[in-house]
Amino acid sequence: MKAADLFIKALEAEGVEYVFGVPGEENLDLLDALHRSRIKLITTRHEQGAGFMAATYGRLTGKAGVCLSTLGPGATNLVTAAAYAQLGGMPMVMITGQKPIKSSKQGQFQIINVVDMMLPITKYTTQLASGDTVAARIREAFRLAQEERPGATHLELPEDIAREETDMPLLPKSNHRRSVAEHKALRMAADAIREAKHPLLMIGAGANRKLSWKMLHRLIDKLGIPSISTQMGKGVVNETTPKFIGTAAISDNDFVHRAIDAADLIVNIGHDVVEKPPFFMSPQGAKVIHIDYNSAQVDPVYFPQIEVQGDIANALWQLGEALEPQAHWDFRPFEAVRRALHDHIESCGAVDGFPVQPQRLVRLVREFMPEDGIIALDNGIYKIWFARNYPAYQPNTVLLDNALASMGAGLPSAMGAKMVNPKREVMAICGDGGFMMNSQELETAVRLKLDLIVLILNDNAYGMIKWKQHQMGLSEFGLDYGNPDFVTYAQSYGATGHTLEEGGDLLSLLRKAREAGGVHVVNVPVDYSVNQTILNEEIPRLAGKLDLDA
């Protein structure tokens, strides 16, 4: 058979459901083989959107999402999505085309060294130089993409290799298990937790994978140790439970940082240093236990004294078996922090007015979304408000990126989430800047007949950077722009557009959109004037005054 046919059969053997992408002439043999496959081709309007969709598929399923591009500019358009998947720990396999490598009459037209370009931002990248190597290279690309720590891999399939005849068979999958932590490390961790007075759990991105949440809930239910989460650890613990304190959404000086300061032992579960650090270690500070699939990546602000390396769920189960609640544990400081944080969120969340302030918007979205509903956030200042004020009830129901923190991912990520979970409510939440970076994927969403609400938070500016300008005492400059009429813009793609007017009811508007079905774009004017007064002034002042000894 042709190598292109073997390639698609190998993808089928890996359980691939979708290939997202923009094919080109160098992919035509692969496209022909795909046409005869049960795998669905999702033709997108830009390769970056295809990559974000594939990465989100991988994030939610644990199976590598697959995206496709041609050579040259098609491949360069995948670079941001590759970095998004690699830094975010999302399994993804990229396939790019290339001119014939044995003989070509087109010189260097469109040719760049894509393999070398992908080298710093993938776990594995290679060019297929023979049809006989196709099955082995695909098996390796998927294995590496999916094993801990997950990330991006890349295969380049030249035009002439795709056309080659080969009689090589498919390779069977190997059965493997994740390694478990050594007993000595677990014993040291259990002893440290047992001896601590104020132990605190910190839940990171790694705990949002492989169903670790089941063992984590079991541990918390048994021991009663309070927890906080990083932005990408949101939802691993139901955030309405009494032992959950809050999310480290701001870098410092929030209420959760008072809890961190009060702890004499921090148990980091799935912490990944690609996230902005939720706390900075010091030799005089709390002892830190690192529990993760991989060893700690040590830097000046993170040097854990105890490392438990291996499957997180198994490590948590073993710790739960080894530990009992201790009479000397004192959680009163954490309870005081939790009360103060929740009181603050409640008190500042009910502010009415128009344009809508972000803390009220978060409350309305939470009221609208069901417990298992998924929000996919683009990157902007609203991400901080949602991370801090939006309680997540289940794992992976708040999809945000605190690793690459790329704009433009919100809409395609929501589309990927909806395809994985067609019966669940999914909402894309985008700033006007981030939305316009991949807004053309509205046509893809309409063509796929997705039921999807796209919430655009409109301030006609790159609002997060304006906030930073203000923090630094600089003049506002270079960050304002104009927007299209989002209602007409949505309609031009076959979607339904709405704009929240002064005096309008956002909750009713969202409910009508859900009842109608299809793709709905909701333009919401926002007022970010509270960023400075609440995030930079009020929160540090109130958190600093909190008496943890009372």
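Would you please list the contacts, defined by Cβ atoms under 8 Å and residues six or more apart or on different chains, that run from a residue in the range 525-536 that is within 21 Å of residue 255 (Cα to Cα) to a residue that is assigned to a loop (DSSP other than H, G, I, E, B) and hydrophobic (A, V, I, L, M, F, W, C)?
Every condition considered, the pairs that remain are 530/351; 535/250.
Could you grab the pairs with beta carbons closer than 8 Å, sequence gap of 6+ or different chains, first residue in the range 329-343 and under 17 Å from residue 197 (Cα atoms), second one of a type in the set (Phe, Trp, Tyr) and surrounded by 19 or more Cβ atoms within 10 Å (Cβ to Cβ)?
337/255
Name the single residue that is surrounded by the most Cβ atoms within 10 Å (Cβ to Cβ) among those in the range 243-276 being at pLDDT below 90 and closer than 24 Å to residue 188 by Cβ.
Filtering the range 243-276 for residues that are at pLDDT below 90 and closer than 24 Å to residue 188 by Cβ, the one surrounded by the most Cβ atoms within 10 Å (Cβ to Cβ) comes out as 271.
Considering the range 24-49 alone, what residues qualify as being in contact (Cβ under 8 Å) with a residue 60 or more places away in the chain and not in a helix (DSSP H, G or I)?
Within the range 24-49, 24, 42, 43, 44, 45, 46 qualify.
Taking residue 81, is it surrounded by 24 or more Cβ atoms within 10 Å (Cβ to Cβ), more than 29 Å from residue 2 (Cα to Cα) and either at pLDDT 95 or above or not assigned by TED's automatic domain parsing to the domain that holds residue 403 (or both)? Let's see the steps before the verdict.
Values: surrounded by 24 or more Cβ atoms within 10 Å (Cβ to Cβ): yes; more than 29 Å from residue 2 (Cα to Cα): yes; either at pLDDT 95 or above or not assigned by TED's automatic domain parsing to the domain that holds residue 403 (or both): yes.
Judged against the criteria, residue 81 is a match.
Go through 531, 460, 483 for me and flag whichever is touching a helix residue (DSSP H, G or I) at 6+ places or on another chain (Cβ under 9 Å) and within 23 Å of residue 415 (Cβ to Cβ). So that I can check it myself, show each step before the final result.
On the way: 531 fails: within 23 Å of residue 415 (Cβ to Cβ); 460 fails: within 23 Å of residue 415 (Cβ to Cβ).
Matching residue, one of 531, 460, 483: 483.
Of all residues in the range 484-493, which are buried (at least 16 other Cβ atoms within 10 Å of the Cβ) and of a type outside the set (A, V, I, L, M)?
Residues satisfying the conditions are 486, 489, 493.
Given the criteria at pLDDT 95 or above, crowded, with 20+ Cβ neighbours inside 10 Å and under 32 Å from the mean Cα position of the chain (by Cα), does residue 152 qualify?
Values: at pLDDT 95 or above: yes; crowded, with 20+ Cβ neighbours inside 10 Å: yes; under 32 Å from the mean Cα position of the chain (by Cα): yes.
Yes: the conditions hold for residue 152.
For the subset of the range 370-421 comprising residues that are of a type in the set (Gly, Ala, Ser) and surrounded by fewer than 24 Cβ atoms within 10 Å (Cβ to Cβ), which member is modelled with the highest pLDDT? Show your work before the answer.
Start the filter on the range 370-421 by keeping residues that are of a type in the set (Gly, Ala, Ser), which leaves 373, 376, 380, 387, 392, 403, 405-406, 408-410, 413-414, 416-417.
With surrounded by fewer than 24 Cβ atoms within 10 Å (Cβ to Cβ) added as a condition, the list becomes 373, 403, 405-406.
Numbers: 373: 98, 403: 89, 405: 90, 406: 95.
Looking at residues that are of a type in the set (Gly, Ala, Ser) and surrounded by fewer than 24 Cβ atoms within 10 Å (Cβ to Cβ), I get 373.
Go through the range 50-80 and give me each residue that's assigned to a helix (DSSP H, G or I) and within 24 Å of residue 159 (Cα to Cα).
50, 51, 54, 73, 74, 75, 76, 79
What number of residues within the range 314-341 satisfy the criterion of being over 21 Å from residue 248 (Cβ atoms) and touching a His at 6+ places or on another chain (Cβ under 9 Å)?
3
One line per residue, one yes/no per condition, for (1) touching a residue at least 60 places away in the same chain (Cβ under 8 Å); (2) of a type in the set (Asp, Glu); (3) in the same structural domain as residue 370 (by TED's automatic domain parsing):
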residue: 443; (1), (2), (3): yes, yes, yes
residue: 468; (1), (2), (3): no, no, yes
residue: 478; (1), (2), (3): no, no, yes
residue: 497; (1), (2), (3): no, no, yes
residue: 511; (1), (2), (3): yes, no, yes
residue: 516; (1), (2), (3): no, no, yes
residue: 519; (1), (2), (3): yes, no, yes
residue: 522; (1), (2), (3): yes, no, yes
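At pLDDT 95 or above and either of a type outside the set (Ser, Thr, Tyr) or not assigned by TED's automatic domain parsing to the domain that holds residue 502 (or both), is that true of residue 331? It would help to see each step written out before you state the result.
Working: at pLDDT 95 or above: yes; either of a type outside the set (Ser, Thr, Tyr) or not assigned by TED's automatic domain parsing to the domain that holds residue 502 (or both): yes.
Against the criterion (at pLDDT 95 or above and either of a type outside the set (Ser, Thr, Tyr) or not assigned by TED's automatic domain parsing to the domain that holds residue 502 (or both)), residue 331 qualifies.
Any chance you could count how many residues in the range 277-295 are surrounded by 17 or more Cβ atoms within 10 Å (Cβ to Cβ) and free of Cβ contacts under 8 Å to residues at least 24 places away in the same chain? So that I can check it myself, show each step before the final result.
Here is the first cut: in the range 277-295, the residues surrounded by 17 or more Cβ atoms within 10 Å (Cβ to Cβ) are 278-279, 281, 286-293.
The next check asks that each one be free of Cβ contacts under 8 Å to residues at least 24 places away in the same chain; those that pass are 281, 288, 290.
So the count comes out to 3.
Which one is nearest to the chain's Cα centre (by Cα), of the residues in the range 296-307 that are assigned to a loop (DSSP other than H, G, I, E, B) and either modelled with pLDDT under 80 or surrounded by fewer than 17 Cβ atoms within 10 Å (Cβ to Cβ) (or both)?
Filtering the range 296-307 for residues assigned to a loop (DSSP other than H, G, I, E, B) gives 296-298, 300-301, 303-305.
With either modelled with pLDDT under 80 or surrounded by fewer than 17 Cβ atoms within 10 Å (Cβ to Cβ) (or both) added as a condition, the list becomes 297-298, 300-301, 303, 305.
On the way: 297: 20, 298: 23, 300: 25, 301: 23, 303: 25, 305: 28 Å.
Filtering the range 296-307 for residues that are assigned to a loop (DSSP other than H, G, I, E, B) and either modelled with pLDDT under 80 or surrounded by fewer than 17 Cβ atoms within 10 Å (Cβ to Cβ) (or both), the one nearest to the chain's Cα centre (by Cα) comes out as 297.
Pick out the one residue from 61, 76, 80 that is free of Cβ contacts under 8 Å to residues at least 60 places away in the same chain and polar (S, T, N, Q).
76
I'm checking my understanding of the structure. Among residues of the range 111-138 that are outside any helix (DSSP H, G or I) and out of contact with any helix residue (DSSP H, G or I) (no Cβ under 9 Å at 6 or more places or on another chain), which one is nearest to residue 100 (Cα to Cα)?
So, considering only residues that are outside any helix (DSSP H, G or I) and out of contact with any helix residue (DSSP H, G or I) (no Cβ under 9 Å at 6 or more places or on another chain), the one nearest to residue 100 (Cα to Cα) is 111.
For the range 510-550, enumerate the residues that are closer than 20 Å to residue 418 by Cβ and not in a loop (DSSP other than H, G, I, E, B).
510, 511, 512, 513, 514, 515, 516, 519, 520, 521, 522, listed by residue number.
Quick one: which of 120, 169 is farther than 30 Å from residue 211 by Cβ and outside the structural domain of residue 21 (by TED's automatic domain parsing)? Walk me through it before giving the result.
Details: 120 fails: outside the structural domain of residue 21 (by TED's automatic domain parsing).
None of the others qualify; the one that does is 169.
Out of curiosity, is residue 424 part of a loop (DSSP other than H, G, I, E, B), surrounded by fewer than 21 Cβ atoms within 10 Å (Cβ to Cβ), in contact (Cβ under 8 Å) with a residue 24 or more places away in the chain and not assigned by TED's automatic domain parsing to the domain that holds residue 86?
The answer is yes for residue 424.
Select from the range 157-187 the residues that are in a loop (DSSP other than H, G, I, E, B) and either touching a strand residue (DSSP E or B) at 6+ places or on another chain (Cβ under 9 Å) or more than 30 Å from residue 34 (Cα to Cα) (or both) and list them in ascending order.
Scanning the range 157-187 gives 164, 166, 177, 178, 179, 180, 181, 182.
Within the range 351-371, can you find the residues that are closer than 25 Å to residue 406 by Cα, part of a loop (DSSP other than H, G, I, E, B) and free of Cβ contacts under 8 Å to residues at least 60 places away in the same chain?
369
The values are calculated or read from the model by the stated rules, or taken from the named source; none is laboratory data. Everything quoted here is computed from the prediction, not taken from an experiment. Every residue, glycine among them, receives a Cβ derived from its backbone with ideal geometry; neighbour counts consider all protein chains shown.
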